[in-house]
1. I'd like the full set of residues that are of a type outside the set (A, V, I, L, M) and more than 11 Å from chain A (Cβ to nearest Cβ), limited to the range B:163-181.
2. Does the range A:212-231 include one or more residues that are more than 19 Å from A:I148 (Cβ to Cβ), within 14 Å of chain B (Cβ to nearest Cβ), touching a residue at least 60 places away in the same chain (Cβ under 8 Å) and not hydroxyl-bearing (S, T, Y)?
3. Mind listing whichever residues of the range B:251-272 are touching a helix residue (DSSP H, G or I) at 6+ places or on another chain (Cβ under 8 Å) and either in a helix (DSSP H, G or I) or closer than 23 Å to B:Y310 by Cα (or both)?
4. How many of the residues in the range B:219-245 are over 17 Å from B:I50 (Cα atoms) and surrounded by 23 or more Cβ atoms within 10 Å (Cβ to Cβ)?
5. Looking only at residues in the range A:190-211 that are facing chain B (nearest Cβ under 7 Å) and more than 22 Å from B:E81 (Cβ to Cβ), which one is surrounded by the most Cβ atoms within 10 Å (Cβ to Cβ)?
6. Starting from the range B:136-156, take each residue that is free of Cβ contacts under 8 Å to residues at least 12 places away in the same chain and list its partners that are of a type outside the set (V, I, T), counting only C-beta distances under 9 angstrom and pairs at least six apart or across chains.
7. Quick check on this structure: which one of B:L133, B:L86, B:L160 is of a type in the set (A, V, I, L, M), surrounded by 15 or more Cβ atoms within 10 Å (Cβ to Cβ) and facing chain A (nearest Cβ under 9 Å)?
8. Which residues, taken from the range B:164-176, are modelled with pLDDT under 85 and either assigned to a strand (DSSP E or B) or of a type in the set (G, A, S) (or both)?
Amino acid sequence: MSEVWSPGNVRKIYTRLSGTDFYARLMKRPFLVLTVVLIGFVLVLSVFAPVIAPQDPNATDLYGKNQGPSEEHVFGTDYLGRDLFSRTLCGLQTSMAIALTTIFVTFFIGTAIGCYSAYHGGWVDNVFARIIDVFLAFPSIILALALITLIGPGIFNMILMLAVVQWASFARLMRGQVLSEKNREYVQSAKAAGLPAWMIMVKHIAPNCIMPVLILATMDIGHTILAISTLSFLGLGIPPSVPEWGSMINSGLNYMRIAPLNVIIPGLAITVVTLLFNIAGEGLRDVSDPNSDNTVAL
Amino acid sequence: MKTILEVLSLNVTFPTRNGRILASQEISFQVNEGEICVLVGETGSGKSVIGQSVLHLLPESAEVTGSIRYFDKEIFMISEEQYAPLRGKEISLIPQNPGGSLDPIMKNGKQIAEVLDHHKSKEKKTGTVFNILSRLGFLSPRLIAQEYPHELSGGMRQRLTTGIALASKPRLLIADEPTKGLDYVARKKTMEMFSQLKENKHDSILMITHDLDLAEMIGDTVGVMYSGELVEFGKVEDVFCSPKHPYTRGLLKALPRNGMVPMPGISPGLGDLPGGCYFHGRCDICCSEGEAVHPDWYFGDGRGVRCHKY
């Protein structure tokens with residue numbers, strides 16, 4: 001590990017990166033750089049949330065409930081007297097952990113199915129394409145709701161259900177990419193060189209198709225955070241002891257008149273994090289596309 | 001001399017909206033060990049289809065009959081699993097368009113190494129990659145190996161695809177239009193490269209081209225294709241000095257050095273072939289028989305021709 005991060009190596013990596021078009025296009029978009037830095041900050045925050053949090057997010061103090069901001073509680077307290085700032089920070093960890101796991105799972109399942117289906121073609125592709133269509137035909141949040149009611153709440157079940165409703169959009173995008181890519185000449189010549197199908201898929205087709213799927217994944221992190229909050233707001237998903245933004249808003253609603261920050265802060269947090277990932281996704285799309293040079297959006 | 005590849009009455013048909021297209025009909029020829037066999041013909045005369053047939057790379061919709069034998073072993077009417085060990089290892093392809101045939105986001109060296117790896121070359125890998133590159137005339141193989149295909153010129157890409165095809169040390173190499181789209185210098189270099197390969201007597205090459213000069217310069221045997229058929233086949237000296245089929249004669253006359261006399265008419269589309277001899281509308285020695293009866297393939301003494309006059 002230490003070798004990888006030695007100053008010489010880092011400088012070498014930087015020199016190579018800074019020579020690429022990708023880097024040049026990224027540097028033309030200062031707001032995008034800011035977004036990326038902020039996302040890095042959010043990720044660090046979420047990893048170290050329990051350490052950074054000034055107080056135990058679950059420590060109740062019924063004498064000091066529903067308080068406004070004070071020196072001790074930066075954002076005040078909720079209806080059980082728990083520190084709102086600490087809960088929001090730890091809620092970030094919950095959201096990021098679930099969202100990233102879900103996206104990793106859906107990304108791999110979706111791209112694998114989409115790639116295999118398109119490359120294989122014939123009836124296999126037909127069957128998978130119809131299955132994907134069926135999954136896309138359901139309104140995803142309602143499907144997730146129904147499924148969670150069916151198998152019960154819980155973090156693991158929530159990840160499972162979000163994966164079930166989301167893999168199809170990844171599979172469809174990947175399938176479309178591979179369908180157009182698999183007839184390219186380099187795939188034909190890889191076949192002629194005698195490489196087996198899995199190797200052609202993994203080493204040649206997938207790397208050439210993956211960028212749009214990566215962009216979708218980045219944007220979907222935001223959507224997933226939103227979905228997690230929606231499900232917890234409705235009381236499905238995360239157990240009440242775990243701090244989570246959706247359930248925080250839900251419990252704060254009853255005391256909105258006396259302690260409005262209990263609704264506003266988690267709501268803002270959801271908005272900001274979702275927005276960050278959406279902007280990053282769109283920025284990634286622009287940066288990866290050489291034709292976007294003249295249309296600087298961010 | 002052993003026969004490495006023997007094609008017998010190969011027929012390839014593609015069903016299309018406008019009826020069946022006979023892409024190649026009753027093709028028969030053979031390639032001997034250490035020889036370069038060149039198939040020449042116009043665009044759409046079914047040359048590439050033959051290469052694809054030998055490599056089992058025809059589209060799934062193709063309907064095929066006939067037989068292709070590789071060292072007396074049937075390799076055409078066999079399953080994909082039985083064929084797989086041959087492809088790339090024993091028989092390999094230099095693809096038609098070197099620009100598009102390289103993975104755009106894989107480093108040049110890795111593209112060769114991958115083939116080496118897969119076909120389990122015993123030699124040390126990096127050394128071999130550099131050896132292959134320098135044998136192909138790259139002056140700084142180390143640099144080239146670290147670059148991507150888009151950083152190379154057309155001629156360099158041509159050499160790189162050749163290197164990939166040669167990496168597994170195949171017994172039979174199929175080169176599909178190696179000089180297509182190259183400028184004069186790059187074409188000349190490619191010719192030189194193939195001449196070098198020819199000196200190395202192990203390799204047999206089936207070359208598909210419409211470059212008659214290339215065929216004459218490096219070929220041992222040559223087959224002339226017209227409308228999906230082989231109309232003439234024989235040793236290069238024989239075919240170029242005493243062509244028997246009127247189409248071959250016309251082709252040679254159309255060469256700049258032979259006066260550049262164009263042939264009358266255009267070749268018929270593969271979808272609506274005329275009755276009788278396919279060439280009879282354009283033939284300068286056309287006989288009444290040719291208008292009614294399709295000529296058979298006369299073969300003897302290493303020389304074949306499809307014409308009523310022989």
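1. Residues of the range B:163-181 of a type outside the set (A, V, I, L, M): B:163, B:168-171, B:176-181.
Hits for the range B:163-181 are B:G163, B:K169, B:R171, B:E177, B:P178, B:T179, B:K180, B:G181.
2. So in the range A:212-231, the residues more than 19 Å from A:I148 (Cβ to Cβ) come out as A:212-219, A:221-222.
Then drop every residue that is not within 14 Å of chain B (Cβ to nearest Cβ), which leaves A:214.
Now drop any that are not touching a residue at least 60 places away in the same chain (Cβ under 8 Å), which leaves A:214.
Narrowing further to those that are not hydroxyl-bearing (S, T, Y): A:214.
Yes, the range A:212-231 has at least one match.
3. Within the range B:251-272, B:L251, B:L252, B:N258, B:M263 qualify.
4. Here is the first cut: in the range B:219-245, the residues over 17 Å from B:I50 (Cα atoms) are B:219-220, B:234-245.
Next cut, surrounded by 23 or more Cβ atoms within 10 Å (Cβ to Cβ) only: B:219, B:234, B:239, B:245.
The number of residues fulfilling the criteria is 4.
5. Taking the candidates together, the pick is A:N208.
6. Filtered contacts from the range B:136-156: B:S140/B:L133; B:S140/B:S134; B:E151/B:N108.
7. Details: B:L133 fails: facing chain A (nearest Cβ under 9 Å); B:L160 fails: facing chain A (nearest Cβ under 9 Å).
Going through B:L133, B:L86, B:L160 in turn, the sole match is B:L86.
8. The answer is B:A167, B:S168.
The values are calculated or read from the model by the stated rules, or taken from the named source; none is laboratory data. Because the structure is predicted, anything quoted here is derived from the model rather than measured. All Cβ positions, glycine included, derive from the backbone under ideal geometry; neighbour counts span all protein chains shown.
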